[in-house]
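Heads up, the thing below is written out as structure tokens.
The values are calculated or read from the model by the stated rules, or taken from the named source; none is laboratory data. None of these values were measured; they are calculated from a predicted model. Heads up, the Cβs are rebuilt from the backbone with ideal geometry, glycines too, and the neighbour counts pull from every protein chain shown. Calculation scope for accessible area: heavy atoms of the full protein, side chains included, ligands and nucleic acids excluded. Shrake-Rupley method; radii C 1.70, N 1.55, O 1.52, S 1.80 Å.
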Amino acid sequence: QLGFHHASTDKMITFILNDKIEIQKEEEIFKKPTMQIQPIELEKIKIELEQASEIAENFQKKQFQNEIINKKIIILQNIEELENIWNITLISRSFNLLNLKISAETGEILQHKLESLMGLIKK
């Protein structure tokens, strides 16, 4: 899946890439209401998707080796305070989320956090 921020509607359009390209309907973006979506500065992107994924996997294997990863969500985005980052969320079998923010320019892990998915569910 490939998501694209549509600036005029401030919504996300998702493209599903299989044998053919399917376009999903626009959806709300999961963000704080005051947050502005910044354009990605492609000329500053030095770390490719595969490299960022490998950095995240190596970190997980060293720091959280007991977490067995089932799913990855990877987003390339420009966050004002961090600039161009790979925002990678690894979801484990034990329903934990490991989120890493990796500089798309240097490959440095700028932030990481492990939290329970169950703790995020509002009662």
Worksheet item: Looking at (1) over 20 Å from Q1 (Cα atoms); (2) open to solvent by 70 Å² or more (accessible area, probe 1.4 Å); (3) modelled with pLDDT of 90 or more; (4) not in a helix (DSSP H, G or I), can you tell me which one K32 breaks?
Response: (3)
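Suppose we keep only residues that are out of contact with any strand residue (DSSP E or B) (no Cβ under 8 Å at 6 or more places or on another chain), modelled with pLDDT of 90 or more and of a type outside the set (S, T, N, Q) within segment 35-56. Which one would you say is farthest from W86 (Cα to Cα)?
Of all residues in segment 35-56, those out of contact with any strand residue (DSSP E or B) (no Cβ under 8 Å at 6 or more places or on another chain) come to 35-36, 42-43, 46, 48, 50-51, 54.
Now drop any that are not modelled with pLDDT of 90 or more, which leaves 42-43, 46, 48, 50-51, 54.
Then keep just the ones that are of a type outside the set (S, T, N, Q); that gives 42-43, 46, 48, 50, 54.
Details: L42: 13, E43: 15, K46: 11, E48: 9, E50: 11, E54: 12 Å.
Per the stated criteria, the residue is E43.
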Worksheet item: When segment 25-34 is examined, which residues are found to be in contact with a strand residue (DSSP E or B) (Cβ under 9 Å, 6 or more places away or on another chain) and over 16 Å from I75 (Cβ atoms)?
Response: K25, E26
Item to complete: Kindly indicate which of E67, E57, E105 is acidic (D, E) and either under 20 Å from Q1 (Cβ atoms) or outside any loop (DSSP other than H, G, I, E, B) (or both).
Response: E57
